[in-house]
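A short worksheet on the structure shown next.
A short reminder: the numbers here are calculations on the coordinates, not readings from a lab. Remember, predicted model here, so these are calculated numbers, not experimental data. Cβ placement follows ideal geometry from the backbone for every residue including glycine, while neighbour counts extend to all protein chains displayed.
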Amino acid sequence: MSPDKILFVDDEPMALKYFERLVSPLAPVITASSVEQGKAVLRERGGEIAVLVSDQRMPGAHGNELLRFAREYHPRIVRMLTTAYSELGEAIEAINSGEIYRYITKPWDMGSLHADLKNALELAELRNERDHLVREKMLVQQQQLLGSRLASLAMLGAGFVRGDSNAAMQRFARAALAAGCNAATTPLAPLHQWDYAGLLQAEAQRGVAIAQGLARWHGEFGDDRTPERAFALLAGALGAQAQGASVHLPSAASLTVLLDAAPGQLPQAGDTAWLAWLLWWNAPVQVHASAAGGLTLRAPLADSPDGQESAPASDWLERMIEQLMEQ
């Protein structure tokens, strides 16, 4: 729901009642009697507020402190200052510093007050629409980045498996999804800060670093793939604890970092360990949420259904990319 309320802050009880009576036909009004109360309302209900109107001279703190707070933590809210004629210098300074959209002089003229607030509400609606469109665009870019990264990793993985790497890469994708990696839940990357060529270069550098990390881990893992040794190696690589043929991870980050890291963030040594291990192990792995929090990775029993994987379908990568890109 779009924000539609006006927050009015003034230390005078009569001013609060008068403002609410005048303005409530235009929009729902929330009132507060001090800067601290105004901040508390913003913390609790900031998503509902379209316009903030604050008196300047109040005991304890001036209104422009509240307006600065709103600009920092709720920048889409349209901010206005109401002042007496003698305080116009402070209002102009607030406009020049970007703290407010407009000032309203006291005593209020009902026609001017309604017109100013109506304009402020329309501006708030435009800002909300703009923010929604920007978020939609960023989400599409995020979807494309996740899909592109999985496809690139699938190509890299083919160089580290004797024979078919599709099964290992499908396990990687499924584990990332189980760990909560998709366009709907992954924090939006600051893609608006990148031009297309710069992003391509950053992703290419990232791909090179990942390939180097995979090669290094494959050189360290060796040839002994007995389950207990394999999971002990995985635990050591991820800084986790092994228990037989299982590993407990307190965080899912190591399963998703190759997909959801911010652009320009090169992988650290441990970031490539999970994918390298999957390509080296090249056998089924179960990923379960742990009752104690985090995730548990374990080798399925040979005679269990999880231990009898079917070969990946020819379009497995397309399906995994579609799931990563779901909103």
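Numerical summary
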{"read-out": "Identified option (computed Cα extents along the principal axes in Å; candidates (i) 84, 43, 31; (ii) 59, 42, 40; (iii) 134, 39, 38)", "value": "(i)"}
{"read-out": "Alpha-carbon centroids, the range 136-185 and the range 1-75: separation in whole Å", "value": "46"}
{"read-out": "Residue (of Thr83, Pro28, Leu66) at the positive-pole extreme of the range 5-108, dipole from beta-carbon charges", "value": "Pro28"}
{"read-out": "Charge dipole magnitude, Cβ of K and R +1, D and E -1 - the range 5-108, Cα centre, debye nearest 20", "value": "340"}
{"read-out": "Tensor-based shape of the range 5-108 (alpha-carbon gyration tensor, a/c under 1.5 rounded, otherwise prolate or oblate)", "value": "rounded"}
{"read-out": "Leu295 long-range amide H proximity, modeled H, under 5 Å", "value": "Leu249, Ser251, Ser290"}
{"read-out": "Charge dipole magnitude, Cβ of K and R +1, D and E -1 - the chain, Cα centre, debye nearest 20", "value": "240"}
{"read-out": "Loop trypsin sites (Lys or Arg not before Pro), the range 98-199 (other Cβ atoms within 10 Å of the site Cβ: 10 or fewer; DSSP)", "value": "Arg162"}
{"read-out": "Residues with amide H under 5 Å from that of Thr105, placed H, sequence gap 5 or more", "value": "Thr83"}
{"read-out": "Highest average packing first - 259-271, 194-206, Cβ atoms within 10 Å", "value": "259-271, 194-206"}
{"read-out": "Spin-label proximity, Lys118 to the range 20-55 - amide N less than 15 Å from point 7 Å beyond Cα toward beta carbon", "value": "23-27"}
{"read-out": "For the range 148-324, size of Cβ-based charge dipole, Lys and Arg +1, Asp and Glu -1, in debye", "value": "200"}
{"read-out": "Count of lysine pairs in the chain with Cα separation under 26 Å (8 or more residues apart, or interchain)", "value": "10"}
{"read-out": "222 nm mean residue ellipticity, helices alone, for the chain (DSSP H n ≥ 4; -39,500 (n - 2.57); rounded to 500)", "value": "-17000 deg cm²/dmol"}
{"read-out": "For the chain, share of DSSP beta bridges that run antiparallel, in % to the nearest 5", "value": "35"}
{"read-out": "Residue order, fewest to most beta carbons within 10 Å, for Ser24, Ser152, Ser310", "value": "Ser310, Ser24, Ser152"}
{"read-out": "Cα gyration tensor category, rounded, prolate or oblate, for the range 1-66 with a/c compared to 1.5", "value": "oblate"}
{"read-out": "Fewest-first ranking of Met325, Met80, Met155, Met138, using other Cβ atoms within 10 Å as the exposure measure", "value": "Met155, Met138, Met325, Met80"}
{"read-out": "Formal net charge of residues neighbouring Glu122 (Cβ-Cβ distance under 12 Å; K, R +1; D, E -1)", "value": "-2"}
{"read-out": "For the chain, with +1 on Lys and Arg beta carbons and -1 on Asp and Glu, the positive-most of Ser2, Leu214, Val134 along the dipole", "value": "Leu214"}
{"read-out": "Two-site FRET efficiency, Ala269 against Arg45, from Cβ-Cβ distance with R₀ of 41 Å, rounded to 0.05", "value": "0.35"}
